[in-house]
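Accompanying notes for the structure given below.
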Amino acid sequence: MTTSATIRVLFAGGGTGGHLFPAIAIADRLRELLGHNTDIDIRFVGTKRGLEYRIRKQLGYPLHVINVRGLVRAFTVKNLLVPFVLVAALIKSYLLLSRFSPDIVVGTGGYVALPVLKVAGWKGIPTVLQEQNSFPGITTRQLASRAKRIYLGFSAAKEYLPANTDMLVTGNPVRTTINAINREDALHELGLEPDRKTILILGGSQGARAVNNAVLKSLQSNSLSDQYQLLWQTGKHDYDSIVSQLKDKTNIGVIMPFSHNMPQLYAAADVAVARAGALTLAELIASQIPAILVPYPFAAGDHQHKNARDMEKRNLATVIDEKELHAHDLLAEAIALLSSERYAQMKTALAKETENRKPAVDIIAEDIIQLIQENRKVSN
């Protein structure tokens, strides 16, 4: 049972880490800023199909589950059920918001955010949105005009949203633990050698088959010099196949299906080969790791390509389109980048990105607190 003095915040967003982890970062920072002298009750709402449900025991916050889904692009009978599922989700959202009575609802994307934020708007509860990508997701585009504030990860997203929307370009929030591990400890714990340069290969929890295949091709064509080592997150689907194909390749580094300890991976890395999801890019910037980006070509609105080109324009990364991978030796290019003048230029550009700038998570959390306080003054 909460008291009237308790600050209540509901986070609606998830499905993937790209939507969930920014929410966790903001929630953690709110708790840090308010927890010592204010009662604060933070809760999440998600779906059983989302990452938030799979890690609910490690989430750190109560999770309310709502069944909601989007349309499948190909025709299927399931699409006929979507309107009924949405109505049920709206009803469940109404009941949840009525019981919890949050001071504010924070939407970070994903199907679940839509019904929760719609009902919050109907009930007069302030809402804010955190949009990670350079091309805003459908939830942000649909709810932008009713949001109290939209926090943008990329300034390019402005052109896709109504001009009268209250937008604040903050960059994307990352967890404060991103830079909490030093390089020596990370290398030791991972079993990597401290005198070799580390190439981090990232494909997310599901992996990136095109990237994995390109790295395999590089390894099968050339031996990896003992000056370099791989830290390769393959994704769970490709792990067994990759390990079996590399059984005759020894001392190339560490291969793993997935790691929940991303700060450790970033701390060990000198350069990264990765997709261009907004969260990955924010973490690479925070960790100051130059990267070769291979955008996922089927992302909604081609947002990964837009994200990657924005990074390249700021000299934080170089980009290879997936359709051009066949013409590239990924590892050879990563090694060439490490010893190039451009690598030093990227490191300088990355340092400037974070130099004397307040972290996005601080800007967002502090602004949310201010919005809550202003709304309480008006209500009283």
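Read-outs: derived from the displayed coordinates by stated rules, not from any lab. Not measured: the values here are computed from a predicted model. Note: ideal-geometry Cβ built from the backbone for every residue, glycine included; neighbour counts use all protein chains shown.
Counted over the range 115-258 with a bin width of 5 Å, the fraction of Cα pairs per bin, in whole percents, is 2, 8, 14, 13, 11, 10, 10, 10, 9, 7, 4, 1, 0.
Our helix-only sum for the chain, with -39,500 (n - 2.57) per DSSP H run of n ≥ 4 divided by its residues, gives a mean residue ellipticity at 222 nm of -13000 deg cm²/dmol. Please give the net charge around Ser225, taking every other residue with its beta carbon less than 12 angstrom from that of Ser225, where Lys and Arg add +1 and Asp and Glu add -1. Taking every other residue near Ser225 into account, the sum is +1.
Net length available on complete extension from Lys313 to Thr354 is 13.1 nm, with 0.36 nm assigned per residue and the Cα-Cα distance removed. Pairs with C-alpha atoms separated by more than 24 Å, drawn from the list Lys323/Lys347; Lys48/Lys118; Lys217/Lys313; Lys92/Lys236; Lys306/Lys352; Lys313/Lys358, are Lys323/Lys347; Lys217/Lys313; Lys92/Lys236. Subtracting the Cα-Cα distance of Met256 and Leu168 from their residue separation scaled by 0.36 nm leaves 27.9 nm. Here the chain is treated with +1 on each Lys and Arg Cβ and -1 on each Asp and Glu Cβ, and its dipole about the Cα centre works out to around 1620 debye.
Which one, Ala23, Trp122, Tyr53, is farthest towards the positive end of the dipole of the chain when Lys and Arg carry +1 and Asp and Glu -1 on their Cβ? Farthest towards the positive pole: Trp122. For the range 96-139, the square roots a ≥ b ≥ c of the C-alpha gyration tensor eigenvalues yield an a/c of 1.5 or more together with a/b exceeding b/c, which makes the shape prolate.
Based on the Kirkwood approach, the hydrodynamic radius assigned to the range 178-354 is 16.1 Å, with every pair of different Cα atoms included.
Karplus-derived 3J(HN,Hα) values for the range 356-365, using 6.51 cos²θ - 1.76 cosθ + 1.60 with θ = phi - 60°, are 6, 10, 5, x, 4, 5, 6, 4, 5, 4 Hz; glycine and proline are entered as x.
When the charge dipole of the chain is built from unit charges on Cβ atoms (+1 for Lys and Arg, -1 for Asp and Glu) and taken about the Cα centre, the candidate among Ala336, Thr280, Tyr266 whose Cα reaches farthest toward its positive end is Thr280. Annotation: amide H-H contacts under 5 Å for Val254 (H modelled 1.01 Å from N, sequence separation of 5 or more, or interchain): Leu230, Leu231, Trp232. Taking a Cβ cut-off of under 13 Å around Val128, the surrounding Lys, Arg, Asp and Glu residues balance to a net charge of -3, with basic ones at +1 and acidic ones at -1. In the chain the Cα-Cα distances spread across 10 Å bins starting at 0 as 5, 23, 31, 23, 13, 4, 0, 0 percent of all pairs.
Relative to the longest principal axis of the Cα atoms of the chain, the long axis of helix 78-100 makes an angle of roughly 60 degrees. Here the Karplus relation 6.51 cos²θ - 1.76 cosθ + 1.60, evaluated at θ = phi - 60°, turns the backbone of the range 29-35 into coupling constants of 5, 4, 5, 5, 6, 10, x Hz, with x for every Gly and Pro.
Under a model in which nothing but the beta-carbon of Lys, Arg (+1) and Asp, Glu (-1) is charged, the range 302-380 shows a dipole of about 380 debye around its Cα centre. Taking amide hydrogens as placed 1.01 Å from N in the peptide plane, the amide H of Ile42 sits under 5 Å from those of Val9, each at least 5 positions away in sequence or on another chain. Among the trypsin sites (Lys or Arg not before Pro) within the range 215-294, those in coil by DSSP and having at most 16 neighbouring Cβ atoms inside 10 Å are Lys236, Lys247, Lys249. Counting 0.36 nm for each residue step from Thr6 to Leu338 and taking away their Cα separation leaves a gain of 114.4 nm.
Between Gln227 and Lys57, the C-beta separation translates, for a Förster distance of 45 Å, into a calculated FRET efficiency of about 0.60. Cα centroids of the range 276-324 and the range 207-247: 20 Å apart.
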